[in-house]
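This report refers to the structure that appears directly beneath it.
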Amino acid sequence: MEGQAAYHLGRVLRAQTGQLYELSDGEQVWVGRIESVGRDRVQFALVEELLVVQPRVEVTLLLSVVKFDAFEWAIEKATELGVSTIVPLAAERGEKALLTAAARRAERWKKILLEASQQCRRVRVPALGELAKAESIFGASKNGLRVMLSERAIATPLQRILEGQRTTTVIMAIGPEGGWTDAEFEAARSCGFLEASLGRLILRTETAVIAALASLNYALDRE
């Protein structure tokens, strides 16, 4: 290990010779024993290869940008729940100041995704897409089960939508605190999205992320 990661391990965490760490190259995971610690280089001996667990369902999360503390908490938990890709959405009812500042947060968000992946022993870090308008990204979502969470009374319960599904690809769209506009509902519907409800209570965006992804995993990510 070299560079900033090695410096952090050796100087900040004060790693010592003989300690064991889990190492990954994005494809495999090994237990490694530290052989030597330098200023910006840590040398390991590989001890044991660990079982790699990959999600069976590829989930793309289209997540409306909300207040950054809530948004960052949501993408951290989405990583732990196995999403493959996160696309920040510029929804019509999103706060304009947040949308303007979102592009400058990309590197911070990538760091959150990396650290969350390490914490939950994910081999691959979720991809972070560029900020996109809702209507444009709806049209680019062509494959798999497409679901748009909704507070409207006409929305079908998510549980019912997932019953009997065998898909391995899901696109899940979650709106801002102010909800989707009629134009966004129509754009999603015309692109094949199904309007889904998480129940009678109104959830915050970050809460909806947890509830929706946990439901997907329960219904689809099975033996």
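Picking from residues in segment 5-50 that are free of Cβ contacts under 8 Å to residues at least 12 places away in the same chain and within 30 Å of the chain's Cα centre (by Cα), the one that is surrounded by the most Cβ atoms within 10 Å (Cβ to Cβ) is His8. You will find that of Leu62, Leu113, Leu89, the residue that is among the hydrophobic types (A, V, I, L, M, F, W, C), under 12 Å from the mean Cα position of the chain (by Cα), part of a strand (DSSP E or B) and modelled with pLDDT of 95 or more is Leu62 and no other. Within segment 65-124, being on the phi > 0 side of the Ramachandran plot and touching a Ser or Thr at 6+ places or on another chain (Cβ under 9 Å) holds for one residue alone: Arg121. Could you grab me the full set of residues in segment 190-223 that are assigned to a helix (DSSP H, G or I) and among the polar types (S, T, N, Q)? Result: Ser190, Thr205, Thr207, Ser215, Asn217. Evaluation of Ile137 against the conditions (1) outside any helix (DSSP H, G or I); (2) touching a residue at least 24 places away in the same chain (Cβ under 8 Å) shows that the sole unmet condition is (1).
Of Glu27, Glu35, all but one fail to be on the phi < 0 side of the Ramachandran plot, of a type outside the set (Phe, Trp, Tyr), part of a strand (DSSP E or B) and not assigned by TED's automatic domain parsing to the domain that holds Glu206; the exception is Glu35.
The values are calculated or read from the model by the stated rules, or taken from the named source; none is laboratory data. Computed from a predicted model, the values in this text were never measured in an experiment. Positions of Cβ are backbone-derived with ideal geometry, glycine not excepted, and every protein chain shown enters the neighbour counts.
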